[in-house]
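Since the structure comes first, as C-alpha cells, the remarks are kept for the end.
The values are calculated or read from the model by the stated rules, or taken from the named source; none is laboratory data. Just so it is clear, the structure is predicted and the values come from calculations on it, not from any experiment. Here Cβ is always computed from backbone atoms with ideal geometry, including for glycine, and neighbour counts include all displayed protein chains. Just so you know, the surface numbers come from the protein's heavy atoms only, side chains and all, with ligands and any DNA or RNA stripped out. Shrake-Rupley method; radii C 1.70, N 1.55, O 1.52, S 1.80 Å.
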Amino acid sequence: MSYNTFGRLFRVTTWGESHGPAIGATVDGCPPGIRVNEEMLQHWLDKRKPGQSRYTTQRREPDRVKILSGVFEGRTTGTPVQLMIENTDQRSKDYGDIAEKFRPGHADITYWLKYGIRDYRGGGRSSARETASRVAAGGLARAVLDELLPGLEITGYMVRMGNIAIDRARFDWSEIPRNPFWAPDAQAAREWADYLDGLRKSGSSVGAMIEVVAKGVPPGLGAPVYGKLDTDLAAAMMSINAVKGVEIGAGMEAAMLTGEENADEIRMGPDGPEFGSNHAGGILGGISTGQDVVVRFAVKPTSSILTPRKTITKSGEETEIVTKGRHDPCVGIRAVPVGEAMMACVILDHYLLHRAQIGESGGGRIG
C-alpha cells in the first residue's frame, strides 16, 4: 500500500519527484462552485519558491502552477482538481557522486532498504520539492475556506533558529512579511541574518522552529477518539520534510506546569464562553474550542552540508561524502508556507466532516 494521500473528505494526493519533469497534486472532494484561478494559488506558491533570498537554495524554479482539471469558468466543478508545477532548473549532475553513497541524515538509506531502488537526483520523492504540491493544494483549501468560513486567518512564522529565539514581548504581526525569515520580531530577524550568513559561507546548516496560528476557527471541529483535530494536525505537520517534533498549544512546556497554571479558565462573555488563556492551543478532547488553533513544529538542520561526513556505499564499503548542489542553509524558512498549507487542508477537511455529521444547525448552546 502506498501513502501519498492525506485527508478524508478533502483528499490531497501529491505526485512527482525533485528532478522529474513535473510535480503536482490531485485534490478530490473540493466543493463545487468555489471561485479559484491559477493566480490565486500562485500567491501562496510565491511565498515558498526557492531563490528569493541568499538564505534559501539558489535553485531557480518559477513554481508556476497550472490547473488541468476540476475548474470551469473560474469555479470548481466538484470533480478532481489536478494541479501541476513543472520542474525547470534541475541539475542532476550535482548528484552523480552520491549515486552509490548514502547521505547521512537523508532518506537515501531507508528508501534503498525498503524499495531496493532510489532516485538519487536530489532525493527524488523524499525531496522537500514535494512540498510545493502541498502549498498548491493548500491554496485551493484557502479558497474554499474563504467562502465557507469567511474571517478565518492562517499565519505561520519562525520563532527560533538554532539557539536564537524571538522575544514575544516584541511580537509584531505586521513584521512577518517584511523580512526573509517570516519573523514577527525584527531584532531576531537581524540576528538570524548575521548568524545564517556565517553558516551559509561555511557550507553548514541549522534547524528552526515554526509556529502556525489559525484565527477564527469555529468550535466543534474534530471528533473523539481517533479523529481528533490535533491528531490530524500533528500528523500533517510531522509529514513535512525534516520535521522532527510537533506541539499543540503549550506543547512540551505543559510538562512543567501545574494544574492551576495549565487550566484555561472559562468565563461567560457577551458573545459566549471566553477563555482566560490558551495553553490547550484551541483544542480540547480533540475538538476545537473557538480559540486560536496553535501548532508548533521543529525542523532539523539541512543534512546536505559541505563538511565531510562518514557513510557507506551500497556495497557496504565505508567512505566519506560531501554533499554538493544548491541547498537551504535553514529549511525552516521555506517550511513556513508549507505549515500554513497543511493547516488549511486539515481545518477544511475537519470542517467538511463536521458539517456532514452535525449539519448547519451546530451543536449545543450555552446561555
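Observations on the structure shown:
- The number of residues in region 311-359 being farther than 13 Å from A236 by Cβ, assigned to a helix (DSSP H, G or I), small (G, A, S) and open to solvent by less than 50 Å² (accessible area, probe 1.4 Å) comes to 1.
- Set G198, G162: member being small (G, A, S) and either free of Cβ contacts under 8 Å to residues at least 12 places away in the same chain or in contact with a Leu (Cβ under 7 Å, 6 or more places away or on another chain) (or both): G198
- Conditions (1) charged (D, E, K, R); (2) farther than 15 Å from D328 by Cα; (3) not in a strand (DSSP E or B); number of the one not met by K201: (2)
- None of D167, D185 is more than 25 Å from V322 (Cα to Cα) and either modelled with pLDDT under 95 or buried (at least 22 other Cβ atoms within 10 Å of the Cβ) (or both) except D185.
- Whether a residue is touching a Leu at 6+ places or on another chain (Cβ under 6 Å) and either part of a helix (DSSP H, G or I) or modelled with pLDDT of 90 or more (or both) was assessed, and A132 does not pass this test.
- Residue pairs meeting the criteria (Cβ under 9 Å; at least 6 apart or on separate chains; first farther than 20 Å from V299 by Cα, in region 100-111; second in a helix (DSSP H, G or I) and hydrophobic (A, V, I, L, M, F, W, C)): F102/I109; F102/W112
- The single condition from (1) out of contact with any strand residue (DSSP E or B) (no Cβ under 8 Å at 6 or more places or on another chain); (2) closer than 29 Å to R129 by Cα that I240 fails is (1).
- Out of M209, M237, one residue alone is part of a helix (DSSP H, G or I), touching a residue at least 60 places away in the same chain (Cβ under 8 Å) and open to solvent by less than 60 Å² (accessible area, probe 1.4 Å). It is M237.
- Restricted to region 65-120, and to residues there that are β-branched (V, I, T), open to solvent by 50 Å² or more (accessible area, probe 1.4 Å) and not in a helix (DSSP H, G or I), the residue that is modelled with the lowest pLDDT is T88.
- Only listed residue being modelled with pLDDT under 95 and among the charged types (D, E, K, R), chosen from D146, D172, D197: D197
- Neighbours by Cβ (under 7 Å, 6+ apart or cross-chain): first from region 260-279, in a helix (DSSP H, G or I); second surrounded by 11 or more Cβ atoms within 10 Å (Cβ to Cβ): N262/A250; N262/A254; N262/H279
- Cβ pairs under 9 Å, 6+ apart, first in region 341-367 and over 19 Å from G29 (Cβ atoms), second in a loop (DSSP other than H, G, I, E, B) and of a type in the set (A, V, I, L, M, F, W, C): none
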